[in-house]
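Following: one structure in structure tokens, then a few remarks.
Read the figures in this text as sums done on the coordinates, not as results from a lab. Quick caveat: nothing in here was measured; it's all calculated off a predicted structure. When we count neighbours, we look across all protein chains shown, and the Cβ atoms used for this are built from the backbone with ideal geometry, even at glycine.
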Amino acid sequence: MDEEHDITHRSTTRKEKQMKKNLFYRLAVLAIGAALLLGACGPAAAVAPTEAEAPEESAAEPTEAPAEPTEAPVAEEPCLIIGALYGGPITDAGYNQAMHEAVVAIKENIACVEIIEAENVPDEAGATTTMENMISQGATLIFATAFNHQYPALELAGEHPEVIFEHAGGWEMSSNFANFFGKPPDGWYMMGVAAGMMTETNKLGFVAAFPLGWTSTFINAFELGALSVNPDAQTIVAYTFSWGDRAKEADTTNSLINQGVDVITMHVDSPSTVLSTAESRGVYSIGYQNLAAQQFAPEYWISGTGFTLGGKLTWLTSTVLDGTWKPIFLRCGISDGCMAIGPFGPNVPQEVQDAVAEAQAAIDSGELVVFQGPIVDQDGTVRVADGEVLTDDLMSSVDWFVLGVIGSSK
Amino acid sequence: MSLLSILGVFSSAIFSGTSLLYTTLGEVIHERSGIVNLGLEGVLLVSASSSFAVTVITGSPFLGVLVAMLAGALMNMVLGYLVIHRKANQLATGLALMFFGFGLSAIIGKPYVGMRIDGLPRYALPGLEGLPRLYASLFSFDILIILVMPISILVWWLLFRTRWGLGLRAVGENADTAFASGRNPLLYRYQALALGGLLAGLGAAHLAIAYTMNWTEYMTAGRGFIAVALVIFSRWHPLRAIAGALLFSGAVAFQLLLQSSGAQISPFLLDTTPYFLTLLVLIAWGGNRKQSAPASLGRVYHGSE
């Protein structure tokens, strides 16, 4: 840099023009840099308007909606404009794809709605601008599906009382803001049953992104399921500290396999790399988030659970259309059709499939509750007393592992 | 800890170190010519997304490797035009290139997120065919892993045993002197960037279509910057870069081994091990030896009069 200045100074007398030119280029580069920086930081705002046709009149009144929404013909004016935003790409064969498919199902069931979608909106600032954008395009029902969307949506709910916000997997509530989600722990318990029967080394591997409350709950449910059929089963946990660092996911999967793990499962954004790595090592795997994951492990796939929320989102939409919508915590499980168990892989024996079906029947009938006390953690401390049940609220802040899990949760 | 888990650390170090090593080698070459490329992260992403896209479309991972190399070279040419021809500041241009790469790779890769590909085929090392699959698969390498050591040596030979390498290093030390001895610094820098781009492309291809067999936005997760750091760590020497890349990725594999062997240590702490270890090595080496960064690294060559 110093030399650069020297040269420019030396040439001021003779080449004043060139100095100006240099300065111009430097400014131009900075400007381009700044423009690209801004572009990279705010993709969400740009996505929303391009993906949807802005209606000419934005006043869609939910109360005037047709009485039989399922049979309504495609009108020129949509009966309801729905905005949906996702934290990642909608083709990730994971969580975002599952949420996207659920939103698309609304349109299939209620043809007169119009849907505005925005993917790759991971941060709070992006979520706020994206939702504001959707509202200005006339959206009066918004599905915010990522963890980070909850508080931006809640804040906007206060500013826009005419808009209804539905957020996935949160806990807040207001007069026009509510939450919906599946009941993943039940599915994880069933997958644990399958894993506990399939394993020969009695070691199950869990690739996790971050030590979060829900992740710990999934791991605990998985281990409890495995223990119910195999008292020697252990679940070994390793963290990647990223939702999408694929190379580290592969490293982590291999590391677990090298510890003798012979069934692998995961809680990361997209299961694809973990599944294909396990497949390449000849190790069984269990998917999560979306059932489309099976393609990555054609031979060693055991099963998986995924979200199938299309039916419930359609129902929520119809209540908005007929004016009966109320803020509720909608939590629904496999028996309600909100989550599904994937098809079993080619190497899964019938007895394993039967055991999973049995566990499901017991859960559906209420005879089996996954986090029914007494539950003891790794150190032997009683976390859920005899006769008590771990509540949904507590599940989201779990920072302990049940006895049988190998790893540290904080 | 079993034999399998210890062998596994070596295997993981090789698998995830390969992309780092290719990228580091590329950066060594153009830093030797006096150009810092802070946009490496963007170069990697564009190469990775285009190679993945081509592999999906054509079904041929080898074609994907080729396209990754071309994309890497092309991205570096953009940097070259700005910093060599237009004499822009290298650091600012590099960062701009990185953000450009974020956006461009997202656009290129968008239709291919979540697609399944058959990655580069892996070949079992001779003599290991009889082993159980669990062991044999640890040391079944694809062509990019097999070639990474020979290419490192080739880069060393190019830089330190050929007239071209001498000229390149001369440009990196003092472009005016190199010009006086009849060498064209601009041409050398373009050549270094092109070669570096080809190598970064190989690294990106290994990441996307050999190791993870997947494309996601920002999947490089900082590997471009780690490569820039490894260049300093290896003191601008291609053979020390091998040690640097293996050490870093080995440390990642080792901390994962500690996690998965049930060590009751906070995973947050374990995750910092590779960076901590790198710091320790830098401290141990110290600065007592002569600083070996190319003398005119990062400086604009204004031409000689």
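General remarks:
- For the residues of A:253-265, the average number of beta carbons from a partner chain within 10 Å of their own beta carbon is 6.
- Rounded tilt (10° steps) of B:40-58 against the dominant C-alpha axis of chain B: 60 degrees
- Footprinting exposure proxy ranking of A:100, B:85, B:30, A:267, fewest other C-beta atoms within 10 angstrom first, gives B:85, A:100, A:267, B:30.
- Local net charge near residue A:260, Cβ-Cβ under 11 Å (Lys/Arg +1, Asp/Glu -1): -1
- Helix B:61-80 axis versus longest C-alpha principal axis of chain B: approximately 30°, rounded to the nearest ten.
- For residue B:123, net neighbour charge (Lys/Arg +1, Asp/Glu -1) across residues whose Cβ lies under 11 Å away: -1
- Top positive-direction residue, dipole computed over the protein assembly as shown with Cβ charges, set B:261, A:381, A:349: B:261
- Within the shell defined by Cβ-Cβ distances under 11 Å, the residues around residue A:229 carry a net charge of -3, with Lys and Arg each +1 and Asp and Glu each -1.
- Separation between Cα centres of the range A:255-324 and the range B:191-211, rounded to whole Å: 32 Å
- Placed amide H near residue A:339: partners under 5 Å, 5+ positions off or other chain: A:308, A:334
- The DSSP beta bridges internal to the protein assembly as shown are antiparallel in roughly 20% of cases.
- Taking amide H atoms as placed 1.01 Å from N in the peptide plane, the amide H of residue A:204 lies under 5 Å from those of A:234, A:235, A:236, each 5 or more residues away in sequence or on another chain.
- For the protein assembly as shown, the number of Lys pairs separated by eight or more positions or lying on different chains, with C-alpha atoms closer than 17 Å, is 7.
- When chain B is treated as a GNM with alpha-carbon contacts under 10 Å, the residue of B:253, B:124, B:170 showing the greatest mean-square fluctuation is B:124.
- 5 angstrom amide H check on residue A:142, placed H, neighbours 5+ away: A:83, A:164, A:165, A:166
- Student exercise, the range B:147-305 dipole from Lys, Arg, Asp, Glu Cβ charges, in Debye to nearest 20: 500 debye
- Positive-pole candidate from A:317, A:301, A:220, dipole of the range A:198-327, charges at beta carbon: A:317
- Using only side-chain charges placed at the Cβ, +1 for Lys and Arg and -1 for Asp and Glu, the dipole size of the range B:172-240 relative to its Cα centre rounds to 140 debye.
- Per-residue ³J(HN,Hα) for the range B:138-145, Karplus 6.51 cos²θ - 1.76 cosθ + 1.60, θ = phi - 60°, Hz, x for Gly and Pro: 5, 10, 9, 10, 8, 4, 5, 5
- Dipole magnitude of chain B about its Cα centre (Cβ charges: Lys, Arg +1; Asp, Glu -1), debye to nearest 20: 580 debye
- Subtracting the Cα-Cα distance of residue B:62 and residue B:285 from their residue separation scaled by 0.36 nm leaves 76.3 nm.
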